[in-house]
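What follows is a single structure, written as structure tokens, with notes after it.
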Amino acid sequence: MPTLPARRRTAARFIAVLLATALPAAAVLPLVLPRAAMAQEAGLDALKAQGLVGERFDGYVGAVKSQTDAATQQVIDRINLQRKDRYRAIAAKRGASLSAVERIAGAQVIERAPSGTWVMPEGSGWVQKP
């Protein structure tokens, strides 16, 4: 079984290939999303710190547990609406599909997430980032 660093290198190569085929080269390079675009706010950060909310591979946040209170769900919905608006704007500006931008953003937010954050990589359930 490959070691964690080997898996990360493999994942990085996979993402690079995915990006190269999903968007024109000119559209990929400037797509680094600023932290502000990810709608990082105190409420979301607090929910992440409590392990109630995590980052998904599709660029959105989600409830880590199936049972979520209404206040937490409102934060999730608000953040995801903000992110979707931002992703649509980027897709329109770059001439890319919304789904391609969502996946790129998802890879970026998972990569930027600090250790201990709950993340949902593609094809997996919730895991705590090492």
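Bear in mind that the values in this text are calculations on the coordinates, not laboratory data. Not measured: the values here are computed from a predicted model. FYI the Cβ positions are ideal-geometry reconstructions off the backbone, even for glycines, and counts take in every protein chain you see.
Just to check I understand the Karplus step: with θ = phi - 60° and J = 6.51 cos²θ - 1.76 cosθ + 1.60, what whole-Hz values come out for the stretch 62-67, glycine and proline as x?
Taking θ as phi minus 60°, the curve returns x, 6, 5, 9, 5, 9 Hz for the stretch 62-67.
Treat each spin label as a single point 7 Å out from the Cα along the C-beta direction, and report the residue 81 to residue 50 distance in nm.
My value for the distance between the label points is 2.1 nm.
Counting Lys +1, Arg +1, Asp -1, Glu -1, what net charge surrounds residue 59 among other residues with beta carbon under 13 Å of its beta carbon?
Here the count lands on +1.
HN-Hα J couplings of the stretch 114-130 from phi, Karplus 6.51/-1.76/1.60, θ = phi - 60°, integer Hz, Gly and Pro as x?
x, 4, x, 6, 7, 10, 10, x, 4, x, 9, x, 5, 9, 8, 5, x
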